[in-house]
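A.B. asks: Before I ask anything, here is the structure I am working with.
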Amino acid sequence: MDFRLRSIGVTMLIMKGLLIAFLLWTALRSATSGGIHLQAEFYWFLLAGFVAQLIDGALGMAYGVSCSSLLLSMGVPPAVASASVHTAEVFTTGFSGLSHLYLKNINKALFLRIVVTGVIGAMLGAYLISQVFDGGFIKPYISAYLLILGVVILVKAFRQQRNKASLRRVPVLGFFGGLMDAIGGGGWGPIVTSNLIQRGVSPRKTVGTVNVAEFFVAFFGTGVFMVFNSIDSWQPIMGLILGGLPAAPVGAWLVSKIKPRTLMILVGILIIAVSALNIVRSFT
């Protein structure tokens, strides 16, 4: 790992340490007031975290969508599910990002183009969803857009033709991805990863770079959520974190081994399936 990549990794570790200190303080305060009692659902939270992070680490997307869907199916209230996923995502994307840095699955120029605007978009989106409006209404429109994009990626994969990689307007893409991720409870990976692959950027480098940038997007978005929302439900958070950590290096290893065409096909299928499911749910 060269110096610049190492600097990114050190920064991520410091930021994770700060959040760990905050969560430990929160847990100790909760234990002092009411004690610690492990819920029966905790092991299902572990499984949800493992499955979601394995998908996200290998394909560069769908952690938020996967976790939120699994938690809601377990009966977790939507507000608790959203707060838990965003907080846990800081740790899982951090570990996944460090794995990608170690394996050099990253394009530094692309990273710098998406991370700053992505963070700005996430912070703005977190404020809007916390104080201004409910972001649920926008999900069907984003899902329809992603479904079309998934079809485009599949067509390109089977044609075996790749465009010359284009990074034009990538900062705008980062801003839009961060904004929609915070407002819709997920979407950074599907929006940014699918667009970059569709533009002809290497799938391996795209997945790794988007995963590393996602850590910073999740960290600052979570900070805004913490300012405007109380995050007291520690068991879903810890379950998602502990379940996701062992899956992160496995996903990073898989993306370094899967052929680009196969990866494009998997990404396209995943986007179409998740988007179609979200569209159906929005009308039921």
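A.B. asks: Checking the condition modelled with pLDDT under 75, in a helix (DSSP H, G or I), more than 17 Å from Thr93 (Cβ to Cβ) and not small (Gly, Ala, Ser), which residue from Val152, Val172 passes?
C.D. replies: Among Val152, Val172, only Val152 is modelled with pLDDT under 75, in a helix (DSSP H, G or I), more than 17 Å from Thr93 (Cβ to Cβ) and not small (Gly, Ala, Ser).
A.B. asks: Could I ask something else about it? Confirm whether Val274 is in contact (Cβ under 8 Å) with a residue 60 or more places away in the chain, assigned to a helix (DSSP H, G or I) and in contact with a Leu (Cβ under 7 Å, 6 or more places away or on another chain).
C.D. replies: The answer is no for Val274.
A.B. asks: Go through (1) at pLDDT below 80; (2) under 17 Å from Gly64 (Cα atoms); (3) of a type in the set (D, E, K, R) one by one and return the number of the condition Asp181 breaks.
C.D. replies: Condition (1) is where Asp181 drops out.
A.B. asks: Mind listing whichever residues of the stretch 189-212 are hydrophobic (A, V, I, L, M, F, W, C) and out of contact with any Ser or Thr (no Cβ under 9 Å at 6 or more places or on another chain)?
C.D. replies: The answer is Ile191, and nothing else.
The values are calculated or read from the model by the stated rules, or taken from the named source; none is laboratory data. Model, not experiment: these values are computed from the prediction. Neighbour counts run over all protein chains shown; Cβ positions are idealised from the backbone, glycine included.
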